[in-house]
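**Student:** There's a structure below that I have some questions on.
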């Protein structure tokens, strides 16, 4: 009787409490980290915290929800990349190409974005709090005047 209970518990545990796994393709992640090139790769929700991706070729890569906190993407080619919801807090994007990239809902808090190409990039609800932006086609605006009631 005990073996049946163990089997039932094992099945219920698997069904009720599935393990949470990463979404990225492990081979693509390995390729990126070893070669700094991964065109059209699936890196969805990849953990690339503090990664040194200087000059990386990530054209058309799927980086939705990726953790790029502190990543160095200096000179990286992210043309057409999907960075929707990615966390780029404190990342370096100097001389990076983000042309036609999807940056919707990306977190660029404290990011350093110098001389980046953002032509045609989508940037809805992007978080640029305390980001340093120079010679890049991103304008952070708003009125300094307060509205009267």
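The values are calculated or read from the model by the stated rules, or taken from the named source; none is laboratory data. Please read these numbers as outputs of a predicted model, since none were measured by experiment. We place every Cβ from the backbone using ideal geometry, glycine too, and count neighbours over all the protein chains shown.
**Student:** Please go through (1) at pLDDT below 95; (2) surrounded by 15 or more Cβ atoms within 10 Å (Cβ to Cβ) for residue 114 and return the number of the only condition it doesn't satisfy.
**Tutor:** That leaves (1) as the condition not met.
**Student:** Residue 89 fails exactly one of the following numbered conditions: (1) modelled with pLDDT of 95 or more; (2) part of a loop (DSSP other than H, G, I, E, B); (3) more than 16 Å from residue 63 (Cβ to Cβ). What is the number of that condition?
**Tutor:** Only one criterion in (1) modelled with pLDDT of 95 or more; (2) part of a loop (DSSP other than H, G, I, E, B); (3) more than 16 Å from residue 63 (Cβ to Cβ) is unmet by residue 89, namely (3).
**Student:** Being surrounded by fewer than 21 Cβ atoms within 10 Å (Cβ to Cβ) and within 11 Å of the chain's Cα centre (by Cα) is the filter; apply it to the stretch 88-106 and report the residue that is farthest from residue 118 (Cα to Cα).
**Tutor:** 105
**Student:** Residue 113: in a strand (DSSP E or B) and farther than 17 Å from residue 37 by Cα, yes or no?
**Tutor:** yes
**Student:** Could you grab me the full set of residues in the stretch 33-67 that are in contact with a strand residue (DSSP E or B) (Cβ under 9 Å, 6 or more places away or on another chain) and not in a loop (DSSP other than H, G, I, E, B)?
**Tutor:** 35, 37, 42, 47, 52, 57, 62, 67
**Student:** Just to be sure I understand, how many residues within the stretch 52-75 are more than 12 Å from the chain's Cα centre (by Cα) and more than 22 Å from residue 129 (Cα to Cα)?
**Tutor:** 9
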